[in-house]
Amino acid sequence: MSTHAARLLSPEECASRRAHRNGVAMHPAQHPPGNGHTDGQRFRSVLGRFATGVVAITALDPASGRPCGLAANSFTSVSLDPPLVAFCVAYTSTSWPVVRGAKNITVNVLAEHQQPVCAQLAARGGDKFAGLEWTSSPGGNPVLDGALAWIDCAVEAEHPAGDHVIVVARVLQLDTHADGGPLLFFRGSYGRFDGPA
């Protein structure tokens with residue numbers, strides 16, 4: 001499972017950066033506490049309080065023609081014009097180079113009952129699509145049965161970002177697929193959205 005690739009700035013840090021850009025010195029008391037270093041465990045703990053959806057990035061391996069894919073919780077829309085989306089992939093991913101080799105990729109928005117699908121696609125090695133039902137998107141990639149939506153994309157850019165790569169992709173086609181609630185990732189666990197009371 002991918003982790004968040006960017007650190008959220010506090011209001012104080014935003015103000016400090018704005019002041020620095022404008023040439024305004026801030027009083028030391030106005031700066032946030034800490035030594036400027038955040039350990040990984042604390043980073044995960046704090047950022048884990050930001051709930052995210054979960055997606056499966058799928059494609060057909062151009063070498064074998066077999067389905068391939070990975071799971072990510074760092075997916076976001078980026079731009080309406082042109083239509084762009086983005087997600088983050090760990091440098092250590094062995095699945096991304098295979099998926100990246102395809103001409104186009106497909107983002108599957110996973111539903112609340114698809115945690116086992118997510119776990120299967122997040123695992124290293126083996127046949128990630130064993131037992132999974134899917135149909136082809138217009139671009140020819142796997143659309144997983146039960147996914148809430150699919151988005152056919154073409155990778156436009158990859159930006160190094162710490163221990164991850166930020167992948168920006170142009171949307172080619174998209175549609176809703178199944179009904180239901182989303183699969184959510186929050187504080188290291190999976191859950192569901194119950195909706196308004």
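Only the coordinates and a few stated rules stand behind these numbers; no lab work does. Values in this document were obtained by computation on a predicted structure and should not be read as measured data. FYI the Cβ positions are ideal-geometry reconstructions off the backbone, even for glycines, and counts take in every protein chain you see.
From most to least packed by mean Cβ count within 10 Å, the peptides 139-147, 118-126 give 139-147, 118-126. Placing dummy labels 7 Å off each Cα toward the beta-carbon, the span from T38 to E156 is 2.7 nm. A simple rule links phi to the HN-Hα coupling: the Karplus curve 6.51 cos²θ - 1.76 cosθ + 1.60 with θ = phi - 60°, which for region 160-167 gives x, 8, x, 8, 10, 10, 8, 9 Hz, with x for Gly and Pro. Here's how it looks for E112: its modeled amide H is under 5 Å from those of G181, L183, which are all 5 or more places away or on a different chain.
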